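Engineer: Got a structure here, written out as structure tokens. Questions coming.
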Amino acid sequence: QVQLVEAGGGLAQTGGSLRLSCAASGIIFSINLMGWYRQAPGKQRELVADITSGGGTNYKDSVKGRFTISRDNAKNTVYLQMNSLKPEDTAVYYCNLRVRSLDYWGKGTLVTVSS
């Protein structure tokens, strides 16, 4: 059974920074995709960024240049460094692991950016 445990959410001011982490445990194959999604109140869940096991990255346009996704394959952990935060970044952030066409999700961590 795969488990994803997120950490690092909280409250930040506009222009501030937060770092999210997500540790995966269980049976995890070496070739996988890890990422971060977010869901704001009344909106659909959306992809923020993802990263392949080889280090290839993909970002939502509105976070390019502000957010950086990285991973430590030895620790099965993915990180999201969020800088220059904006109020519109406020959402619950979910960690995702995709392996062999199966999706696993964390419980989510709340990020609130005050104006």
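Engineer: Every residue in region 87-112 that is loosely packed, with under 14 Cβ neighbours inside 10 Å and in contact (Cβ under 8 Å) with a residue 24 or more places away in the chain, please.
Structural biologist: Of everything in region 87-112, those that are loosely packed, with under 14 Cβ neighbours inside 10 Å and in contact (Cβ under 8 Å) with a residue 24 or more places away in the chain turn out to be P87, E88, R100, K107, L110.
Engineer: Okay, moving on. Please go through region 1-13 and give me each residue that is open to solvent by 40 Å² or more (accessible area, probe 1.4 Å) and in contact with a strand residue (DSSP E or B) (Cβ under 6 Å, 6 or more places away or on another chain), ordered by number.
Structural biologist: Passing the criteria: Q3, V5, A7, L11, Q13.
Engineer: Taking only pairs six or more apart or across chains, which ones have beta-carbon atoms under 6 Å, a first residue in region 66-77 that is surrounded by 15 or more Cβ atoms within 10 Å (Cβ to Cβ), and a second residue that is outside any strand (DSSP E or B)?
Structural biologist: Qualifying pairs under 6 Å: R66/N83; R66/S84; N76/I28.
Engineer: What strands (runs of 3 or more DSSP E) completely inside region 1-96 contain at least 3 residues that are touching a Ser or Thr at 6+ places or on another chain (Cβ under 8 Å)?
Structural biologist: Answer list for region 1-96: 3-7, 10-13, 18-25, 46-52, 77-82.
Engineer: A further question on this structure: Would you tally the residues in region 71-99 being closer than 12 Å to A23 by Cα and over 14 Å from the mean Cα position of the chain (by Cα)?
Structural biologist: So the count comes out to 3.
The values are calculated or read from the model by the stated rules, or taken from the named source; none is laboratory data. Everything numeric here is computed off the predicted structure, so don't read it as measured data. Ideal geometry is used to build each Cβ from the backbone, glycine not excepted, and the neighbour counts take in all protein chains shown. Note: areas computed on protein heavy atoms with side chains; ligands, DNA, RNA excluded. Shrake-Rupley method; radii C 1.70, N 1.55, O 1.52, S 1.80 Å.
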